[in-house]
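Notes follow the structure.
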Amino acid sequence: MDAVKKRHWWQSPQLTWSVIGLLCLLVGYLVVLMYAQGEYLFAIMTLILSSVGLYIFANRKAYAWRYVYPGLAGMGLFVLFPLICTIAIAFTNYSSTNQLTFERAQQVLMDRSFQAGKAYNFTLIRRVTSGSWR
């Protein structure tokens with residue numbers, strides 16, 4: 001006689017795919033927000049990491065990659081992504097259009113202000129009995 005395993009309600013395929021669909025919608029919304037704000041690199045990185053992660057954790061054929069993916073994603077996010085961003089900024093942001101004109105730079109420097117703090121009186125009193133200062 002074969003034993004049939006009873007699935008719990010949270011192990012149903014409908015719930016699993018519903019949660020994956022909601023995660024896809026959330027990631028899509030966040031990517032669109034990042035893209036709309038001009039953060040193209042962060043939008044692309046979020047899209048790549050989340051789509052690969054969702055594929056790996058939703059597909060049974062990619063089960064072995066579940067152990068490798070967090071390390072690869074961390075290396076890509078914290079090592080490769082900043083390296084690529086630094087190189088991209090180094091070679092694309094070097095032009096006179098990104099700098100201020102002389103008049104504008106002068107105005108920015110002249111607009112800086114200093115707020116004076118409160119002034120306190122300082123008094124040094126000598127004790128007659130011990131001869132120490134207080």
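Picking from Ala105, Ala62, Ala36, which residue would you name as being within 18 Å of the chain's Cα centre (by Cα) and either within 27 Å of Thr16 (Cα to Cα) or surrounded by fewer than 13 Cβ atoms within 10 Å (Cβ to Cβ) (or both)?
Exactly one residue qualifies, and that residue is Ala36.
Within the range 39-59, track down each residue that is under 27 Å from the mean Cα position of the chain (by Cα) and over 20 Å from Gly76 (Cα atoms). Working first, answer last.
Taking the range 39-59 first, the residues under 27 Å from the mean Cα position of the chain (by Cα) are 39-58.
Within the range 39-59, Ala58 is the sole residue that qualifies.
For Leu100, work out the one condition from (1) at pLDDT below 85; (2) under 23 Å from Met45 (Cα atoms); (3) surrounded by 10 or more Cβ atoms within 10 Å (Cβ to Cβ) it doesn't fulfil.
It is condition (2) that Leu100 fails.
Would you check which residues across the range 16-42 are within 24 Å of Ile89 (Cα to Cα) and among the hydrophobic types (A, V, I, L, M, F, W, C) and list them? Can you show your working first?
Taking the range 16-42 as the starting set, the residues that turn out to be within 24 Å of Ile89 (Cα to Cα) are 30-42.
Within the range 16-42, Leu30, Val31, Val32, Leu33, Met34, Ala36, Leu41, Phe42 meet the criteria.
The values are calculated or read from the model by the stated rules, or taken from the named source; none is laboratory data. What you see is a predicted model; the values in this text were computed from it and never measured. Note that each Cβ is placed from the backbone with ideal geometry, even for glycine, and that neighbours are counted across all protein chains shown.
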